[in-house]
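Please find one structure pasted underneath; my questions will follow.
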Amino acid sequence: MGCCNSKGAGDSSAGRVARWRSTGIVALRDSKLRLLVAFWTWTIKYFRIQNSIFSPVFHGIVTLASVRCFHVAGRISVSEAMVQTLPSEILAVESFVRTLDLTNNRINEVTPEISKLVNMQRLVLANNQIKQLPTTIGILRQLKVIILDGNHLTNLPDELGFLSRLEKLSITGNSLVCLPNTIGNLCNLVLLNVSSNKLKCLPESIGGCISLEELQANDNVIEELPSSVCNLVHLKLLSLNNNLIQQLPQDLLKSCKALQNVSLHENPISMEQFQQMEGFQEFEARRKKKFDKQIDSNVMMSSTGLDEGLDI
């Protein structure tokens with residue numbers, strides 16, 4: 001399976017990279033390194049290595065403990081490990097990578113060379129210690145999903161707006177104080193979750209995310225929404241709990257004709273203000289129709305499933 005020990009010339013760095021590219025399997029096993037990482041493009045394989053420990057060997061790999069690796073159809077997943085930077089061996093495989101999952105590590109820096117993974121579609125770096133993203137992230141034009149929850153990000157690069165195929169962007173539990181204006185270029189974005197940050201506002205350009213169906217920005221310090229949110233005609237869910245919102249754009253309910261769920265708990269805005277907005281009756285009809293359909297289908301709902309979305 002390409003995972004036997006080999007200490008001859010064929011096991012040189014160049015030989016390893018060549019073998020990884022040709023077989024789709026990354027095999028790093030010697031007296032100090034006990035980890036098998038597979039990069040698959042077509043063949044489905046499964047590998048699990050538990051309670052493995054290895055020390056630095058080359059290219060900046062650092063000590064790992066309790067490593068679990070799951071690799072299916074071009075997916076790289078290294079969870080519950082302790083990695084401080086992206087191992088450069090991953091970059092050596094380049095175009096073979098479709099999904100890179102490094103959840104629950106201690107990564108504090110994303111190398112600009114991540115741009116070499118030109119065919120990557122899913123980037124999952126949740127629960128690390130990342131403070132910033134490299135501007136080269138904008139080169140990864142195939143990306144559809146980015147998950148950066150639970151890091152230390154204070155801002156995002158403008159180049160994020162180059163990712164025109166992006167459909168899901170989740171950056172909860174960081175320290176963002178603003179979003180780049182270029183976010184409005186993400187015309188295929190369906191879900192945006194920026195909850196639990198330090199946002200005071202959303203950029204006016206958010207109205208350019210014309211495919212957006214779900215916008216979550218709970219637990220921030222947002223005082224008002226830009227009028228451009230009225231352009232989000234496909235928006236179904238708007239969740240803004242625990243902010244400082246006193247009023248919504250007047251045409252929100254009238255213009256966003258797909259809107260079915262608005263959640264504004266722990267905000268200064270009152271139920272009376274919300275009910276007086278133009279288009280409220282139509283919104284209420286859509287909301288009730290949605291929940292009636294869920295009840296008819298015996299869909300389980302939480303105790304707040306039928307609340308009005310505001311504190312009274």
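The values are calculated or read from the model by the stated rules, or taken from the named source; none is laboratory data. Owing to the predicted nature of the structure, the values given are computational and were not obtained by experimental measurement. Cβ atoms come from the backbone with ideal geometry, glycine included; neighbour counts cover every protein chain shown.
To keep it simple, each residue is scored yes or no on (1) in contact with a helix residue (DSSP H, G or I) (Cβ under 7 Å, 6 or more places away or on another chain); (2) more than 26 Å from Asn127 (Cβ to Cβ).
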| position | (1), (2) |
| --- | --- |
| Lys198 | no, no |
| Glu224 | no, yes |
| Ser227 | no, yes |
| Lys236 | no, yes |
| Gln250 | no, yes |
| Phe283 | yes, yes |
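Tell me which residues, restricted to region 134-159, are out of contact with any Lys or Arg (no Cβ under 6 Å at 6 or more places or on another chain) and within 23 Å of Ser239 (Cα to Cα).
Ile146, Ile147, Leu148, Asp149, Gly150, Asn151, Leu153, Thr154, Asn155, Leu156
Could you list, in sequence order, all residues of region 98-155 that are of a type in the set (Ser, Thr, Tyr) and either more than 16 Å from Ile183 (Cα to Cα) or in contact with a helix residue (DSSP H, G or I) (Cβ under 7 Å, 6 or more places away or on another chain) (or both)? Outline the logic, then answer.
First, the residues of region 98-155 that are of a type in the set (Ser, Thr, Tyr): 99, 103, 111, 115, 135-136, 154.
Result: Thr99, Thr103, Thr111, Ser115, Thr135, Thr136.
Here's the yes/no breakdown for (1) at pLDDT 95 or above; (2) surrounded by fewer than 18 Cβ atoms within 10 Å (Cβ to Cβ); (3) not in a helix (DSSP H, G or I):
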{"residue": "Gly138", "(1), (2), (3)": "yes, no, no"}
{"residue": "Leu143", "(1), (2), (3)": "yes, no, yes"}
{"residue": "Ile146", "(1), (2), (3)": "yes, no, yes"}
{"residue": "Asp149", "(1), (2), (3)": "yes, no, yes"}
{"residue": "Thr154", "(1), (2), (3)": "yes, yes, yes"}
{"residue": "Gly184", "(1), (2), (3)": "yes, no, no"}
{"residue": "Leu199", "(1), (2), (3)": "yes, no, yes"}
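If you check every pair at least six apart or on different chains, which have Cβ atoms under 6 Å apart with a residue in region 171-182 that is closer than 18 Å to Thr135 by Cα first and a residue that is of a type in the set (Ser, Thr, Tyr) and surrounded by 15 or more Cβ atoms within 10 Å (Cβ to Cβ) second?
Here the result reads Asn181/Ser205, each pair linking region 171-182 to a residue that is of a type in the set (Ser, Thr, Tyr) and surrounded by 15 or more Cβ atoms within 10 Å (Cβ to Cβ).
Exactly one of (1) assigned to a helix (DSSP H, G or I); (2) at pLDDT below 95 is unmet by Glu159. Its number?
The number of the failed condition is (2).
With (1) farther than 30 Å from Val118 by Cα; (2) in contact with a Cys (Cβ under 7 Å, 6 or more places away or on another chain) as the list, and Gly184 as the residue in question, which single condition is left unmet?
(1)
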